[in-house]
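The values are calculated or read from the model by the stated rules, or taken from the named source; none is laboratory data. Predicted model only: the values in this text are computed from it and were never measured. For neighbour counting, all protein chains shown are included, and Cβ atoms are generated from backbone atoms with ideal geometry for every residue, glycine included. Heads up: the accessible areas ignore ligands, DNA and RNA and are worked out on the full protein's heavy atoms, side chains in. Shrake-Rupley method; radii C 1.70, N 1.55, O 1.52, S 1.80 Å.
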Amino acid sequence: MAFGSIILFLGLILDRIIGDPRSRFHPVALLGNLIGLWGRINFYPKGFERFAGVVGWIFTVAVALLPCVLIYAFAPGWVFVIFSVVALSFCVGWKSLEQHVFAVEGALKSGDEEEARRKVQYMVSRDTKSLTFEQIRSGAYESAAENLVDSIIAPLFWFVAFELLFGAGIFGAVLFRCANTMDAMLGYKDERVRLGWFSARADDVFAFLPARVAGAVLILIFACTGRFKKAAFVFKSDRKKRPGFNGGIPMSLIAGGCGVCFDKPNVYKIGVPEISLEEGGRKIIFVMRAAVVICAVLGVALIGIFEFGELMVFATGLGF
């Protein structure tokens, strides 16, 4: 349908205005509750856990997409447009991601070490008790760098893809948010490994192209700021230090391009520390914002060109 470019623009604006309201009735919170119902550890026989993970994944996606399908099929067009704007703002976590980083940074600057450790625990799963201030900052900023894809670029990518393919971009954004949330809750190599294996693989697949789009945009940004060689060097040397084949792309490029080091103790160090994260934090946020704006502009332009082409074909068919 038309208005896809407007939905994309307004959805991002709405996210920047309201962020991620903390409420048990927030759609993503409700989604988490649904996943929690079937994603319980030691609830299924060991040999049945992988199958249960697949069935649970399909069930969760179906439940989440059901209101989208019903509104698309039966509600007036203007209702679907408003619904899509609001739903897209819930699928994108741009403002909330920055807020988490700023909360950690603010606690460190005020000298409240325990509060900083508590705040960064919302962003990372590592033990924060023995982390230095720089390592606490690293947890916050490397999580932000990785989630540039998961929280922002990927839902926008799938919105654009589904808008171009089916005229209903919100289906793609909701689908990705489901896949990513299930991975965040179940995709770990611990007692959840069998139940969450499909969720982890599905998230890898859905994030594969968005991660590389984000990488290309980051390379463009650093080429324009004279940091291309530094970003490319760290990308080549360090991107595989991060487990998986998606997260290391934005993390290594941002570390190299901004001249900082992301340090997860006893696991990896990504980047060469030209400056501290306290100094480089603003640069990281600026680069992330620039990447989001560029991707949003490209998405709006692609949808706009497609919609204009459809309009021209329609007008030609009417004899204009």
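Annotations for the structure displayed:
- Members of segment 179-212 that are among the aliphatic types (A, V, I, L, M) and either within 16 Å of GLY32 (Cα to Cα) or surrounded by fewer than 18 Cβ atoms within 10 Å (Cβ to Cβ) (or both): ALA179, MET182, ALA184, MET185, LEU186, VAL193, LEU195, ALA200, VAL205, LEU209
- Selection status of ILE285, out of contact with any strand residue (DSSP E or B) (no Cβ under 8 Å at 6 or more places or on another chain), within 26 Å of ALA216 (Cα to Cα) and modelled with pLDDT of 95 or more: yes
- Among the conditions (1) among the aliphatic types (A, V, I, L, M); (2) without any contact (Cβ under 8 Å) to a residue 24 or more places away in the chain; (3) under 28 Å from ILE41 (Cα atoms), ALA207 misses just one, which is (2).
- From the list VAL267, VAL193, VAL205, the one residue that fits, being more than 18 Å from GLU134 (Cβ to Cβ), among the aliphatic types (A, V, I, L, M) and at pLDDT below 95, is VAL193.
- Single residue of ALA144, ALA168 found to be among the aliphatic types (A, V, I, L, M), under 26 Å from VAL272 (Cα atoms), open to solvent by less than 10 Å² (accessible area, probe 1.4 Å) and in contact (Cβ under 8 Å) with a residue 40 or more places away in the chain: ALA144
- Restricted to segment 213-244, and to residues there that are in contact with a Gly (Cβ under 9 Å, 6 or more places away or on another chain) and β-branched (Val, Ile, Thr), the residue that is surrounded by the fewest Cβ atoms within 10 Å (Cβ to Cβ) is THR225.
- You will find that of GLY53, GLY32, the residue that is more than 20 Å from the chain's Cα centre (by Cα), in contact (Cβ under 8 Å) with a residue 60 or more places away in the chain and under 18 Å from ASP203 (Cα atoms) is GLY53 and no other.
- Across segment 288-320, the qualifying residues are those that are of a type outside the set (A, V, I, L, M, F, W, C) and at pLDDT 95 or above, and the one among them that is farthest from LEU165 (Cα to Cα) is ARG289.
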